[in-house]
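To start, the structure itself, in structure tokens.
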Amino acid sequence: MVLGLISCCGSVSGAPAPPKLDHNSPDPLKCKACSKALDAAYAYLEKQGKERRPGDAHGRFFLGFLYLVDGKHPAELESIVQEMGTDIYKMEGVINDNWYTGIAALFLAECYRRNPSDELKQRLIEILTRAEAKMEPTGGWGHNLGHSKKINYTRKGGADDLGMLTAIMFAAMLEMQSAGIPVPPKMLDAVRKNLEKNSAGLGIAYGTGNKHADMAMSRGAFAWLGLKASRDTSCKLYESVPKGLRQRYKDTHTGHAFPPLHFTGAALATHLMGPEDYKRFSDHWVDRLISLQQADGSVELPHSEGMLWQR
């Protein structure tokens with residue numbers, strides 16, 4: 001994965017051409033260019049993990065995926081599974097409570113597919129019940145139920161729901177279903193129709209009624225994770241998202257709002273698309289990300305928006 005799906009972000013604008021590094025192995029753990037960067041990134045993440053504030057759902061999401069990929073930190077992975085399945089998915093009273101439910105759903109669904117258990121299955125069923133109760137009439141999810149209407153978000157160019165969050169929940173539901181967990185059919189159908197309606201033919205719009213293009217392809221990429229797991233070729237996104245990723249793999253930094261989500265989604269999806277697609281993506285991005293690595297091992301992910309809150 002791209003630098004192990006490093007989760008830190010910064011305000012670096014654009015994606016300048018980096019110095020060409022000598023990659024002497026396709027295995028990043030054995031490659032002299034990648035292994036040094038990975039070691040430094042691990043050191044940073046381990047230090048950050050010890051200092052991480054409680055309830056940092058996105059941080060746990062990225063770190064959990066890293067532990068799923070490497071398979072070398074079972075105790076740390078189990079700790080994140082427990083945190084996602086208890087404290088995080090049911091957080092309330094904050095603007096992002098639907099985010100916490102959604103990212104916990106996808107991460108725990110990925111964990112369940114690899115290591116199913118009755119306890120984890122029950123957690124996922126509880127998450128589905130919670131998600132269904134908090135879904136907008138549009139068939140998607142916003143920051144929290146009714147938030148966009150309360151602040152006139154739609155008038156400001158936003159939408160009643162968020163394409164990214166809806167795509168993540170869609171992927172989670174399809175992964176659960178493919179693993180034998182019953183998903184409410186009406187909810188799944190409503191979400192699918194929402195995403196298909198809000199697709200511009202390659203990616204997924206920012207939200208209902210919003211035409212902000214999915215240039216980074218990350219919203220589509222997250223939805224495609226579930227489509228890949230379920231092998232649901234009947235959904236038009238199954239073919240259109242890989243097409244979009246092949247066209248826009250250099251545009252990952254143009255995603256709106258939170259760079260780690262965009263890079264993670266694109267990295268996961270292109271990896272699952274196959275070696276050729278992932279090589280194209282990683283050949284473009286890995287040297288760039290390594291060139292942006294700081295002395296402490298962190299990486300400021302490039303993005304095209306200069307807003308302070310992006311940091």
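If only residues of segment 82-106 that are of a type in the set (Phe, Trp, Tyr) and in a helix (DSSP H, G or I) are counted, the one that is surrounded by the fewest Cβ atoms within 10 Å (Cβ to Cβ) is TYR100. Answer yes or no as to whether ARG123 is open to solvent by 10 Å² or more (accessible area, probe 1.4 Å), among the charged types (D, E, K, R) and either under 14 Å from LEU165 (Cβ atoms) or in contact with a Leu (Cβ under 9 Å, 6 or more places away or on another chain) (or both). Taking the combined requirement at face value, the residue satisfies it.
Every residue in segment 249-284 that is among the hydroxyl-bearing types (Ser, Thr, Tyr) and either surrounded by fewer than 20 Cβ atoms within 10 Å (Cβ to Cβ) or within 14 Å of TRP224 (Cβ to Cβ) (or both), please. It would help to see each step written out before you state the result.
In the first step, residues of segment 249-284 are kept if they are among the hydroxyl-bearing types (Ser, Thr, Tyr); the result is 249, 252, 254, 264, 270, 278, 282.
Answer for segment 249-284, where residues must be among the hydroxyl-bearing types (Ser, Thr, Tyr) and either surrounded by fewer than 20 Cβ atoms within 10 Å (Cβ to Cβ) or within 14 Å of TRP224 (Cβ to Cβ) (or both): TYR249, THR264, THR270, TYR278.
Note on segment 107-160: residues that are of a type in the set (D, E, K, R) and part of a loop (DSSP other than H, G, I, E, B) total 5.
You will find that of ILE181, ILE168, ILE204, the residue that is at pLDDT 95 or above and surrounded by fewer than 24 Cβ atoms within 10 Å (Cβ to Cβ) is ILE181 and no other. Kindly indicate whether any position in segment 212-224 is open to solvent by 20 Å² or more (accessible area, probe 1.4 Å), touching a His at 6+ places or on another chain (Cβ under 6 Å) and under 20 Å from GLU136 (Cα atoms). Among the residues of segment 212-224, not one is open to solvent by 20 Å² or more (accessible area, probe 1.4 Å), touching a His at 6+ places or on another chain (Cβ under 6 Å) and under 20 Å from GLU136 (Cα atoms), which makes the answer no. The condition of being in contact with a helix residue (DSSP H, G or I) (Cβ under 9 Å, 6 or more places away or on another chain), at positive phi and open to solvent by 10 Å² or more (accessible area, probe 1.4 Å) holds for only one of ARG231, ARG246, that being ARG231. Only a single item in (1) open to solvent by less than 10 Å² (accessible area, probe 1.4 Å); (2) more than 14 Å from the chain's Cα centre (by Cα) is not met by GLY209, and it is number (1).
The values are calculated or read from the model by the stated rules, or taken from the named source; none is laboratory data. All of these numbers come straight from a predicted model, not from anything done at the bench. Note that each Cβ is placed from the backbone with ideal geometry, even for glycine, and that neighbours are counted across all protein chains shown. Protein only, heavy atoms only, side chains kept; ligands, DNA and RNA dropped before computing areas. Shrake-Rupley method; radii C 1.70, N 1.55, O 1.52, S 1.80 Å.
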